[in-house]
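K.L.:
Would you mind keeping the following structure in view while I ask a few things?
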Amino acid sequence: MEITHEMAAGMGGIRTAGDLVARVQLSKAMKIDAAKQYVAEKLAISRAELADPIVMGELRADLDIGRVQPPDGAAIGIEAKFNIARLLDIRINSVTKFMALARIK
């Protein structure tokens, strides 16, 4: 079960930068090449490194922006989304809603 989950989660791009590029494409209405360039600049890496699972694994750990099998204490769920939104300067609906609810209560 664990291996199946890890493989399925990896197909969504979290092993590399696929999820980050997709978020930028949707939130900033960019074509894929422009979104890749934007993400690469924000992460201070080359476009080729966006697809390198070793580089991105280390970078995701350093930036705490989510991993397939995060160790204890690493950001998961909404915490990782907060970090992604801040890092890429994008709006993520669940982050915005969470912040709105936190201010009410």
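Since every read-out is calculated from the coordinates, none of them should be taken as a lab result. Not measured: the values here are computed from a predicted model. Here the Cβ is made from the backbone with ideal geometry for all residues, glycine too, and neighbour counts use every protein chain on show.
K.L.:
Listed highest first by mean packing, meaning other Cβ atoms within 10 Å per residue, what order do 53-61, 17-25, 94-102 come in? Before the final figure, lay out each step's value.
P.N.:
Working: 53-61: 16.4, 17-25: 21.4, 94-102: 11.4.
Ranking, from highest mean packing down: 17-25, 53-61, 94-102.
K.L.:
Additional query: Can you give the charge dipole size of the chain about its Cα centre, rounded to the nearest 20 debye, using +1 on the beta carbon of Lys and Arg and -1 on the beta carbon of Asp and Glu?
P.N.:
680 debye
K.L.:
³J(HN,Hα) across region 89-95 via Karplus (A = 6.51, B = -1.76, C = 1.60, θ = phi - 60°), whole Hz, x for Gly/Pro?
P.N.:
Going residue by residue, I get 6, 10, 9, 10, 3, 5, 5 Hz, with x marking Gly and Pro.
K.L.:
Per residue of region 15-23, in order, report the coupling 6.51 cos²θ - 1.76 cosθ + 1.60 (Karplus, θ = phi - 60°) as ³J(HN,Hα) in whole Hz, putting x for Gly and Pro.
P.N.:
6, 10, 10, x, 5, 5, 5, 5, 4
K.L.:
Rounded to whole Hz and in sequence order, give me ³J(HN,Hα) for region 74-85 from the Karplus expression 6.51 cos²θ - 1.76 cosθ + 1.60, θ = phi - 60°, writing x for Gly and Pro.
P.N.:
7, 5, 9, x, 5, 5, 5, 5, 4, 5, 5, 4
K.L.:
What does the extension gain come out to for Ile78 and Asp52, with contour length at 0.36 nm per residue minus their alpha carbon separation? Mind dumping the intermediate values first?
P.N.:
Numbers: separation 26, 0.36 × 26 = 9.36 nm, distance 2.47 nm.
Result for the pair: 6.9 nm of gain on full extension.
K.L.:
How much of the calculated P(r) for the chain lies past 21 Å, in percent of all Cα pairs? Walk me through the intermediate numbers first.
P.N.:
Numbers: 1923 of 5460 pairs.
I get 35 percent for the Cα pairs in the chain exceeding 21 Å.
K.L.:
For Glu41 and Phe98, what does the FRET efficiency come to when R0 = 22 Å and r is the distance between their Cβ atoms, rounded to the nearest 0.05?
P.N.:
Result of the calculation: an efficiency of 0.25.
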